[in-house]
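FYI, it's all coordinate maths here, none of it is from the lab. For clarity, every value in this text was computed on a predicted model and none was experimentally measured. Note: ideal-geometry Cβ built from the backbone for every residue, glycine included; neighbour counts use all protein chains shown.
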Amino acid sequence: MFSTLLVLFTSGICFSLYDIIGYKVVAYILLVTLSIIVLFCDIVPVVLSAVLSALIWNYFFIPPRYTFHIGTTEDVFLFTMYFVIAVMHAVLMYKIKQIQKIAVEREEKANSLKLYNTLLNSLSHELRTPISTIIGASDNLLMANGNLSEGSKHSLLSEISVASLRLNQQVQNLLNMSRLESGAVQLKKDWCDINELVYKTIDRLGEYAKHHVLDVELPDALPLFKLDEGLMEQVLYNLVFNAITYTPEASVITIKAQCKEQQYCIITVEDNGPGFPEGEIHKVFDKFYRIDHSKTGGTGLGLSIAKGFVEAHRGSIALENAPLGGALFTITIPTEVSYANELKHE
């Protein structure tokens, strides 16, 4: 239907301009129209459009007009060549489009295989390391037969706790990435207390954060925001986890939040570590991205998931290197705002 209407529409315009452009120019215009049709239609409507345009050109434009009879040998030759060229052009353009489609599919398969290999290589290390730690520490506890000191027991249990947290983080990232790519993320918004959100996240980090300083700076009059608390907790957890992972021990990680213009929730996570190379900042939210030459492992999914969950709230997340050094992540989410005393009247 689209192809037929486009041919008829173009022919109508050419018909109104016949005295100005002549019948030979009409042939070129109709060929251009066929090129447009090829971009959007399958082979059958494309060929039919080529035949229809040839018949219209013959009947309405080639002298004598309003008849399929062609007056001169030259025009017979022109019509024959137009018909052949129109059909060949339509078929060849369609074939080119098909070849391009196959090339894109092959490229997508190659990229998928590359991503799969990247993920497999990452997981082979990221899952093996904490599992080996848990097994080793557990074996030491079992084989000690009560001969370990309290300090040694606490150290082994601490290793198990940290390794378990790391293992759980990788599994959570895989599950969350699967949710994002399948479009299964459905927001469950409710009034969220950022104070509770931040401290709940810190509690989840547990032993993993014991060698870093977590500085929470939240204003007393911070309102409640309507957010999906579960998703936002994972966003904050991924950012702080990333900061702990890529900064030296004793580094300070500062978490701040504010309400802007009574319609935006702003959360920042800043550290005083080495920051990010300027040339790589634009890639940090890419799936499977990891800093070049980084000794620390990771699947490179945490920041990508954080970005996906923030964007599910129609918000944005940005990264910059802080003026005094370190990385500064800023989350901006448009949301409803309410203070505690207002909720009492709802």
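To the nearest 20 Debye, how big is the dipole of the stretch 158-301 about its Cα centre, given +1 on the beta carbon of each Lys and Arg and -1 on that of each Asp and Glu? If you can, show how the numbers build up before the last one.
Values: 14 positive and 21 negative charges, 90 e Å.
Magnitude of the dipole: close to 440 debye.
Two decimals, Cα atoms only, Kirkwood Rh: what is Rg/Rh over the chain?
Values: Rg = 32.6 Å, Rh = 25.8 Å.
Result for the chain is an Rg/Rh of 1.26.
Roughly how many nanometres apart are two label points built 7 Å out from the Cα toward the Cβ at Phe77 and Ser132?
A separation of 8.1 nm, rounded to one decimal place.
Of Ser132, Ser164, Ser35, which is the most mobile in a GNM of the chain whose springs link Cα atoms less than 10 angstrom apart?
Ser35
Could you grab the relative contact order for the stretch 190-343? Cα pairs under 8 Å, six or more apart, rounded to a whole percent.
Values: 277 pairs, mean separation 40.4, N = 154.
26 percent.
Out of the stretch 151-258, which GluC sites (Glu not before Pro) are coil in DSSP terms and have no more than 16 other C-beta atoms within 10 Å?
Numbers: sites: Glu159, Glu181, Glu196, Glu207, Glu217, Glu229, Glu233, Glu249; in loops: Glu249.
Sparse-neighbourhood loop GluC sites (Glu not before Pro): Glu249.
Note down the relative contact order for the chain as a percent, whole number, built from C-alpha pairs under 8 angstrom at least six residues apart.
Values: 436 pairs, mean separation 44.1, N = 346.
This gives 13 percent for the chain.
List the residues, sorted by chain then number, that are 5 or more residues from Leu224 or on another chain and whose placed amide H is less than 5 Å from its amide H.
The answer is Ser338, Tyr339, Ala340.
Take peptides 99-108, 264-273 and line them up by average Cβ neighbours within 10 Å, highest first, as a rough protection proxy. Numbers along the way, then the final one.
Details: 99-108: 10.0, 264-273: 21.2.
Averaged packing, sorted descending, gives the order 264-273, 99-108.
Relative to 2.2 N^0.38 Å, what does the C-alpha radius of gyration of the stretch 190-343 come to as a ratio? Two decimals please. Don't skip to the answer; put the middle values down first.
Numbers: Rg = 15.2 Å, N = 154, 2.2 N^0.38 = 14.9 Å.
The reported ratio for this selection is 1.02.
Given the C-alpha centroids of the stretch 141-193 and the stretch 8-63, what is the distance between them in whole angstrom?
The two parts, judged by their Cα centres, are 67 Å apart.
Answer with one residue from Pro223, Ser152, Ile21: the one whose Cα lies farthest towards the positive end of the charge dipole of the chain, charges on Cβ with Lys, Arg +1 and Asp, Glu -1.
Ile21
Give the lysines whose C-alpha is closer than 21 Å to that of Lys283, dropping any in the same chain fewer than 8 places away, or say none.
Straight-line reach from Lys283, under 21 Å: Lys114, Lys295, Lys307.
How about the stretch 1-67: which chymotrypsin sites (Phe, Trp or Tyr not before Pro) there are in a DSSP loop, with at most 12 other Cβ atoms within 10 Å of their Cβ? Walk me through the numbers on the way to the answer.
On the way: sites: Phe2, Phe9, Phe15, Tyr18, Tyr23, Tyr28, Phe40, Trp57, Tyr59, Phe60, Phe61, Tyr66; in loops: Phe61, Tyr66.
Listed in order of number, the matching sites are Tyr66.
Hey, any idea what the orientation-averaged projected area of the convex hull of the stretch 127-182's Cα atoms comes to, in nm²? Mind showing how you got there, number by number?
Values: hull surface 15.9 nm².
Mean orientational projected area (the stretch 127-182, Cα hull): 4.0 nm².
PRE reach from Thr4 (point 7 Å along Cα→Cβ): which of the stretch 47-70 fall under 16 Å by backbone N?
47-56
Among the helices of the chain (complete DSSP H runs), which have Cα atoms covering no less than 27 Å along the helix axis and a Kyte-Doolittle mean of at least -0.5? Walk me through the intermediate numbers first.
Numbers: long enough: 18-40 (31 Å, 2.00); 73-126 (78 Å, 0.18); 150-182 (48 Å, -0.32).
The answer, listed by residue number, is 18-40, 73-126, 150-182.
How large is the charge dipole for the stretch 2-101, taken about the Cα centre, if only the Cβ atoms of Lys, Arg (+1) and Asp, Glu (-1) carry charge, to the nearest 20 debye? Each step should come with its number before you reach the end.
Numbers: 5 positive and 4 negative charges, 62 e Å.
Using only the charged Cβ atoms, the result is roughly 300 debye.
How big is the charge dipole of the chain about its Cα centre, in debye rounded to the nearest 20, if each Lys and Arg gets +1 on its Cβ and each Asp and Glu gets -1 on its Cβ? Could you put the intermediate results ahead of the total?
Details: 27 positive and 36 negative charges, 266 e Å.
In debye, rounded to 20, the chain gives about 1280.
Using all C-alpha to C-alpha distances in the stretch 2-101, build P(r) with 10 Å bins and read off the rounded percent in each one.
17, 48, 28, 7, 1
Ranking Asp75, Asp220 by Cβ neighbours within 10 Å, fewest first, what do you get? Could the numbers behind the result be given before it?
Numbers: Asp75 16, Asp220 5.
Sorted ascending by nearby Cβ count, the order is Asp220, Asp75.
Would you mind checking Lys189/Lys260; Lys109/Lys188; Lys24/Lys101; Lys153/Lys200; Lys101/Lys189 for any pair whose Cα atoms are more than 30 angstrom apart? Kindly include the intermediate steps, with their values, before the conclusion.
Details: Lys189/Lys260 19 Å; Lys109/Lys188 35 Å; Lys24/Lys101 34 Å; Lys153/Lys200 27 Å; Lys101/Lys189 41 Å.
Check vs 30 Å cut-off fails for Lys109/Lys188; Lys24/Lys101; Lys101/Lys189.
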